[in-house]
Amino acid sequence: MRIAVLRETAPGEARVALVPDVVQRLAKAGHLVSLERGAGLAAGFTDADYEKAGARVHASRAEALTGAELVARVRRPTPAEIGEAPEGSTLVSMLGAEPIDALVPALAARKLTLLGLERVPRITRAQSMDVLSSQATVAGYKAVLLGAAELGKLLPMLTTAAGTLAPAKVLVLGAGVAGLQAIATARRLGAVVSGFDVRPAAREQVLSLGASFVGPEVTADYEGEGGYARPLTAEEQAKTRDALAAAVPQHDLVISTAQVPGRKAPILIDAKGVASLRPGSVVVDLAAETGGNIEGSKAGERVVIGGVVVLGPVQLAASVPLHASQMFARNVLTLVQHLSTKEGALKIDPEDEITKAMLVTLNGQVPGGTGR
Ligand code: NAD
């Protein structure tokens with residue numbers, strides 16, 4: 001299979017879809033990887049690294065795309081970029097939060113197949129293809145570092161000749177992949193950490209990381225399809241917020257990660273809750289891009305509300321591009337293996353459980369005839 005890797009064009013995007021280590025594995029399996037010159041530089045990988053791994057490095061994007069059957073990218077392509085892909089080829093990328101309808105005419109014009117990486121089903125068999133998990137791991141880690149850098153306090157307890165410093169208190173809301181990584185990172189930095197989630201299974205995971213569990217009583221009822229949280233009713237949401245209201249002001253740094261797939265993120269701290277934090281406290285809202293868990297947070301912005309710093313980082317994993325790319329590339333590798341025949345040819349089976357869930361278009365057509 002001929003696989004093309006292009007330089008990412010989204011502003012601030014430093015990741016790359018395949019790293020040299022993965023290129024080497026693909027080359028060993030008989031695949032041919034063409035790279036646009038400089039595609040890995042921002043993530044810390046040189047063209048020479050790729051060449052050593054067996055890739056062909058091309059001076060232009062058009063050359064890298066020539067003859068490609070599969071084009072691997074991190075972020076969704078623009079309609080213009082879709083127009084550059086070889087007719088009938090397959091694109092693999094994340095789709096992002098924006099509706100994908102705008103891409104469909106360009107995909108149809110070139111009879112392209114687009115597989116959305118966020119759509120990998122959350123089943124054990126597909127776990128190693130799951131970019132949501134790999135990138136959330138990085139984002140959860142980095143959220144703590146961002147928050148710590150804004151905080152006027154140190155995270156660990158220190159006993160020094162100049163006195164004893166109490167450890168900072170960190171609250172993590174939503175204990176899924178990103179939240180659990182945030183808890184682990186804050187604990188490693190010496191903070192006293194609490195967590196909250198509506199899924200009962202998350203409680204045990206929070207406790208097993210040495211954090212305490214705050215908030216309202218959790219019942220099995222909150223767990224929805226595929227192990228995700230289901231949307232709460234307005235009454236349940238109000239109950240959650242009220243119960244959290246008592247815990248929130250005790251904390252210096254709040255990291256929120258709560259999401260409900262396909263919906264606007266739930267508000268977990270309203271304006272009153274933000275006002276209850278001490279000035280100088282910091283909130284990092286990882287859900288800002290999908291509506292936010294914190295009232296007043298803005299996607300991609302740093303706002304100060306009554307002395308409380310509220311960060312709404314987007315695509316945070318891109319700020320740790322080397323390791324984020326390494327994990328992303330492993331996810332793509334497993335997908336390529338899944339899409340390969342024994343002879344190494346690309347085969348898109350629209351009836352396969354994993355492929356079917358990921359298909360945006362198949363040969364330019366939206367499966368079932370409607371946009372999703
Ligand atoms: P996510 O990003 O959709 O949500 C993050 C967390 O927010 C979740 O833990 C969710 O329960 C929580 N949340 C939602 N509404 C909330 C509310 N109102 N208040 C507080 N918390 C709220 O989820 P995720 O981190 O991607 O994963 C969630 C689950 O899926 C976990 O159980 C995880 O283990 C599982 N998972 C399975 C696979 C797999 O099997 N392939 C892969 C990844 C994750």
* Amide H neighbours of residue 74 under 5 Å, counting only residues 5+ apart in sequence or on other chains, H built in-plane at 1.01 Å? -> 17
* Asked: What is the set of long-range amide H partners of residue 7 at a cut-off below 5 Å, with H atoms built 1.01 Å from backbone N?
  -> 36
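Nearest 5 percent is fine: what portion of the DSSP beta bridges confined to the chain is antiparallel? Before the final figure, lay out the partial values.
On the way: 12 of 48 bridges.
Approximately 25 percent, going by the DSSP bridge assignments.
Taking the Cβ of residue 282 as the center, what net charge do the other residues with Cβ under 12 Å away carry, scoring Lys and Arg +1 and Asp and Glu -1? Could the numbers behind the result be given before it?
Numbers: positive: 153, 169, 278, 302; negative: 150, 252, 285.
Overall, the nearby charge balance is +1.
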* Asked: What residues qualify as long-range amide H neighbours of residue 2, i.e. H under 5 Å apart, gap of 5 or more or another chain, H built at 1.01 Å from N?
  -> 32, 69, 70
* Three principal axis lengths of the stretch 287-369 [C-alpha, angstrom, descending] -> 61, 35, 19
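Set the bar at 26 Å for Cα to Cα. Now go through 111/347; 153/272; 169/272; 169/298; 142/347 and name every pair that lies beyond it. Provide the component values of the computation, followed by the final result.
On the way: 111/347 15 Å; 153/272 23 Å; 169/272 20 Å; 169/298 24 Å; 142/347 37 Å.
From 111/347; 153/272; 169/272; 169/298; 142/347, over 26 Å: 142/347.
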* Please identify the GluC sites (Glu not before Pro) of the stretch 268-335 that satisfy two criteria: DSSP loop assignment and at most 14 other Cβ atoms within 10 Å. Which are they? -> 301
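With +1 on each Lys and Arg Cβ and -1 on each Asp and Glu Cβ, how big is the dipole of the stretch 131-239 about its Cα centre, in debye rounded to the nearest 20? Provide the component values of the computation, followed by the final result.
Details: 9 positive and 9 negative charges, 109 e Å.
In debye, rounded to 20, the stretch 131-239 gives about 520.
By Kyte-Doolittle mean hydropathy of at least -1.0 and Cα axial length of at least 24 Å, which whole DSSP H helices of the chain are selected?
Working: long enough: 131-150 (28 Å, 0.89); 321-339 (26 Å, 0.39).
Helices meeting the span and hydropathy rule in the chain are 131-150, 321-339.
Around residue 130, under 15 Å between beta carbons, what's the net of Lys plus Arg minus Asp minus Glu among the other residues?
Details: positive: 119, 122, 125, 330; negative: 118, 353.
So the surrounding residues net to +2.
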* Structure fact -> Computed ³J(HN,Hα) along the stretch 287-300: with the Karplus parameters 6.51/-1.76/1.60, θ = phi - 60°, integer Hz and x for glycine or proline, the list is 8, 3, 5, 10, x, x, 8, 10, 5, x, 6, 10, 4, x
* Asked: Radius of gyration and Dmax for the stretch 226-308's Cα atoms, expressed in Å?
  -> 12.6, 40
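At R0 = 30 Å, how high is the FRET efficiency between residue 319 and residue 48 if r is their beta carbon distance? Nearest 0.05 is fine. Can you show the working numbers first?
Working: r = 25 Å, r/R0 = 0.83.
For R0 = 30 Å, the calculated efficiency reads 0.75.
Could you please state how large a percent of the accessible area of the chain is carbon and sulfur, counting protein chains only and using a 1.4 Å probe? All intermediate terms of the calculation are to be shown ahead of the outcome.
Numbers: 8950 of 16510 Å².
Answer for the chain: carbon and sulfur cover 54 percent of the accessible area.
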* Per-selection Rg to Rh, the chain - Cα, Kirkwood hydrodynamic radius -> 1.01
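Which GluC sites (Glu not before Pro) in the stretch 152-237 sit in a loop by DSSP (not H, G, I, E or B) and have at most 10 other Cβ atoms within 10 Å of their own Cβ? If you can, show how the numbers build up before the last one.
Values: sites: 204, 217, 223, 225, 235, 236; in loops: 217.
Filter output for the stretch 152-237: 217.
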* Under a point-charge model restricted to the Cβ atoms of Lys and Arg (+1) and Asp and Glu (-1), what is the dipole moment magnitude of the chain relative to its Cα centre, in debye to the nearest 20? -> 520 debye
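The values are calculated or read from the model by the stated rules, or taken from the named source; none is laboratory data. Since the structure is predicted, the reported quantities are computational estimates derived from the model, not experimental observations. Glycine also receives a Cβ, built like all others from the backbone with ideal geometry; neighbour counts cover every protein chain displayed. Side chains are part of the model used for accessible areas, which takes the heavy atoms of the whole protein and leaves out ligands, DNA and RNA. Shrake-Rupley method; radii C 1.70, N 1.55, O 1.52, S 1.80 Å.
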